[in-house]
Amino acid sequence: LWSLARQMPHHCLEAPWKRLYDSNKHGKSFARFVSKIIFKGPTVVVVRDKGGATFGMFSAVSWRRHNQFYGESTSLVFSLTPKCNVYRSSGVNQNYQFLATNLTASASCANGLGMGGQMDFWGIHLGDHLEEGVCRAPCSTFSNMPCLSSDANFQIDMVEVWGCLPGYVADEKELEAAGVKKKKARTWEEYQQQRAGKTCLDGDVE
């Protein structure tokens, strides 16, 4: 992963990254996956499919649940195997990050985590069971991006998420913009956790 580091904003290189989620350790519960990665600042998501391809995405801002795309132009996608390449924003659109858990069945292939493209032609999309995904090319969001997976419709073998700012704590402004409230500390232990910068959110899943 550090071979990709020079492609990312300087502030993401000031401390060793922290692994937030590992499907081999935490399982493939999408609720658990979401709880581990939201409001953690910039992250790197790494996917290995069952065809042997390894690829992923760098999100410039925190993941949060939202039924529309959001994010910033410093986001990028990359491949690690069989070749190591980075694909940056094309500037054509702002469809950088997408994370939804409650869309209706009529919104085909929408619930899950995605980056790039659009809802009916995803750049990268991981379904909400973390078993299957899609990768479509060309992708209008990222310049010259090919299909990064072993097949356009792929089976997920492993997913990891790394936090690029290990000490990151979402502030009130970020949470309010996402429509999320901090839990009120009900116990001394929760109070101590909040003082230590461990943000407890309504609806957190451990």
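Scanning residues 5 or more positions from M158 or on other chains, those with amide H under 5 Å from its amide H are R48, with H placed 1.01 Å from N in the peptide plane.
Distance from the Cα centroid of region 21-40 to that of region 64-127 is 17 Å (rounded to whole angstrom). Taking max minus min of the alpha-carbon positions on each principal axis, region 11-166 gives extents of 35, 31, 30 Å, largest first.
Once the piece of chain linking V92 and K18 is laid out straight, how much longer is it, given 0.36 nm per residue of separation minus the C-alpha distance between them? Before the final figure, lay out the partial values.
Working: separation 74, 0.36 × 74 = 26.64 nm, distance 3.18 nm.
So the chain would gain 23.5 nm between V92 and K18.
This model, with +1 at the C-beta of Lys and Arg and -1 at the C-beta of Asp and Glu, gives region 14-86 a dipole about its Cα centre of some 360 debye.
Let me make sure I get this right: for region 25-79, a, b and c are the square roots of the gyration tensor eigenvalues over alpha carbons, sorted descending. Under 1.5 in a/c it's rounded, otherwise prolate if a/b > b/c, else oblate. Which is it? Oblate, since a/c reaches 1.5 and b/c is not below a/b.
Would you mind checking K40/K173; K18/K40; K28/K83; K18/K83; K28/K50 for any pair whose Cα atoms are more than 21 angstrom apart? Mind dumping the intermediate values first?
Values: K40/K173 14 Å; K18/K40 10 Å; K28/K83 27 Å; K18/K83 25 Å; K28/K50 15 Å.
Result: K28/K83; K18/K83 exceed 21 Å.
Farthest toward the positive end of the dipole of region 41-119, out of S90, L80, L113, is the Cα of L80, where the dipole comes from beta carbon charges about the Cα centre. Can you tell me the dipole magnitude for region 67-157 around its Cα centre, using point charges on the Cβ only (Lys, Arg +1; Asp, Glu -1), in Debye to the nearest 20? Taking the Cα centre of region 67-157 as origin, the dipole is about 340 debye.
Residues of region 1-154: accessible area per residue at 1.4 Å, in Å²? Numbers along the way, then the final one.
Working: 6910 Å² over 154 residues.
I get 45 Å² per residue for region 1-154.
Return the carbon/sulfur percentage of the accessible area of region 1-121, one whole number, probe 1.4 Å, all protein chains in place. If you can, show how the numbers build up before the last one.
On the way: 2680 of 5590 Å².
Reported share for carbon and sulfur atoms: 48 percent.
The values are calculated or read from the model by the stated rules, or taken from the named source; none is laboratory data. Note that the structure is a prediction, hence the values are computed from the model and not measured. No Cβ is skipped: glycine too gets one built from the backbone with ideal geometry, and neighbour counts run over all protein chains shown. Keep in mind that these areas ignore ligands, DNA and RNA; they rest on the heavy atoms of the full protein, side chains included. Shrake-Rupley method; radii C 1.70, N 1.55, O 1.52, S 1.80 Å.
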